[in-house]
Structure formats: structure tokens, C-alpha cells
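*Asks:* Please see the structure below; I have some questions.
Here, each number is a calculation from the coordinates, and none is a lab measurement. The structure displayed is predicted, hence computed values, not measured ones. Cβ atoms come from the backbone with ideal geometry, glycine included; neighbour counts cover every protein chain shown.
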Amino acid sequence: MEILTLAGKVFALIGSVVGAIIGAYKWAYRKGLKEGRRDLTYSRDCQSLEHLYAPLLSLLLDIHISSCTLTKYGTFQQRFDHAVAIFKERRYVKSKMKGGFAALFDHGVSEPSVGIDYGPGFPISEIGEVIKKQAHLAPPELIVLYQRTSREEYERGGMADDELTAYHLELAEHIFNQHELLTNRVRFAK
């Protein structure tokens, strides 16, 4: 009987030690994996900031972009009058109700009108060169924004240097926002 009790105690001790070793191994593995991922993310952020977004931001520093939008129905009274007009012009009751209700919350905001107040024209070709050189660092969102802006400029043909589209504004905002985000990540990461 004593042998069985002693054997049970030995197996319990061995099980505890093995469990502690496995637990310590799993903890160390997870900690190392987490630190490795953090170091990889930090390295990737540093490269994107240094080789992609800092050069892109430097291209936009010499220009001042301004934009404005038009709000047709700024007050509730204007929206209500617009809803009544839609209600009167529609033929079917369901369409009247749906259109009138939607018009109550529609401010009638136009597409932004964008232009350059001062500075050289928008540097879309230089932005394209930087993105092509650092394509491995460029996120898909930046590539899509560049393609849309470039296509819009091509389709418009004879755009003036100070005339921009909403795509230009969206691209510039993306560059400014990503530069700020990456700068804060790199600055406060370690």
C-alpha cells in the first residue's frame, strides 16, 4: 500500500514538473512570437515612412490645396421644402414616402471643388515615380488612389495646373494621414 501511495506521489510530482516545463515553454514561445511580430511591424513601418511616405510628403509641401463644398439644404426648413417638392412630384405613394423621407436627411452636399492656391501644380508624375520605385512598400490603397488620380488627369486632358479633382484631394489626404500615422507609430513604438 505504501508503495502505491509513494508511486502516486512520484507520478504527481513528475506530472507537475512536466506541466510547469511545458507551460514555461509555451509562455516563452508566445512572448518571442509577439516580440518578433512587433519588431517586424516596426521595421516595416520605418521603411514605409522613410522610403515611401516621407518622399511623397516632401512633394506636397510646396503646394497649398484648398477645397470647398456646396450645401443646398443646410437648414431643416430647406430640407422639409425639398421633401414636400419630391412628395408632390412622385406618382406612387411608396415612392413619395420613400423619396420624401430620404430628402429630410439629405443636405444636398456637392462634390468638393478643389484647387491649388499657390505653388507648382500637383506633382502626380513625381508621385508615380516614387510609388514605382518603392512598389514593394506601397499599400494597395495608395496604388488605387494613384491610378484613379492619374486616370482622371488623363481623361480630363487639358487641366490647368491649379485645377484639381476630388481624387487629387483624396490622394493628398491619404499621404498626409499615413505619414502622420507612421510617424506616431515609429516614434512611440519603442
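*Asks:* What list of whole percents do you get for P(r) of the stretch 79-122, with Cα-Cα distances grouped in 5 Å bins up to the one holding the largest distance?
*Replies:* Going from the shortest bin to the longest, the percentages are 5, 22, 19, 12, 8, 7, 6, 7, 8, 6, 2.
*Asks:* Among K72/K98; K72/K96; K34/K133, which pairs are too far apart, with a Cα-Cα distance over 28 Å?
*Replies:* Working: K72/K98 20 Å; K72/K96 21 Å; K34/K133 31 Å.
Where the Cα-Cα span goes over 28 Å, the pairs concerned are K34/K133.
*Asks:* Here's another thing I want to ask about it. How much length is gained if the chain between L6 and H64 is pulled fully straight, taking 0.36 nm per residue apart and subtracting their Cα-Cα distance, in nm to one decimal?
*Replies:* Taking 0.36 nm per residue and subtracting the Cα distance, the gain is 12.5 nm.
*Asks:* Expected output is a single nm value to one decimal: the length gained when fully extending between Y154 and V18, i.e. 0.36 nm times separation in residues minus the C-alpha distance. What is it?
*Replies:* 42.1 nm
*Asks:* How much of the DSSP bridge set in the chain is antiparallel, in percent, rounded to the nearest 5?
*Replies:* Beta bridges within the chain, antiparallel portion: roughly 100 percent.
*Asks:* Sticking with this structure for a sec: Counting other Cβ atoms within 10 Å, keep those with at most 11, restrict to DSSP loop, and tell me which trypsin sites (Lys or Arg not before Pro) in the stretch 51-155 are left.
*Replies:* Those satisfying the criteria are R91.
*Asks:* What share of Cα pairs, in percent, lie more than 16 angstrom apart in the stretch 78-190?
*Replies:* Cα-Cα pairs of the stretch 78-190 separated by over 16 Å account for 71 percent.
*Asks:* Give the span of the stretch 34-76's Cα atoms along each principal axis, as three whole-Å numbers ordered largest to smallest.
*Replies:* Taking max minus min along each principal axis of the Cα atoms, the stretch 34-76 gives 55, 32, 8 Å.
*Asks:* Gain in length, K94 to V186, computed as 0.36 nm per residue apart minus the alpha-carbon separation, to one decimal in nm?
*Replies:* Residue separation times 0.36 nm, minus the Cα-Cα distance, leaves 27.7 nm.
*Asks:* Taking Rh as the Kirkwood radius, which is the inverse of the mean 1/r over Cα pairs, what is the Rg/Rh value for the chain?
*Replies:* Reported Rg/Rh (Cα atoms, Kirkwood Rh): 1.34.
*Asks:* Cα axis of helix 140-156 to longest principal axis of the chain: angle in degrees, 0 to 90, nearest 10?
*Replies:* 20 degrees
*Asks:* Ok, one more. Can you give the charge dipole size of the chain about its Cα centre, rounded to the nearest 20 debye, using +1 on the beta carbon of Lys and Arg and -1 on the beta carbon of Asp and Glu?
*Replies:* Values: 24 positive and 23 negative charges, 297 e Å.
Dipole magnitude for the chain comes out near 1420 debye.
*Asks:* List the lysines whose Cα lies under 26 Å from the Cα of K31, skipping any in the same chain that are fewer than 8 positions away.
*Replies:* K190
*Asks:* Roughly what angle does helix 166-189 make with the longest principal axis of the chain, taking Cα atoms, 0 to 90 degrees, to the nearest 10?
*Replies:* Long axis of 166-189 versus the principal axis of the chain: about 30 degrees.
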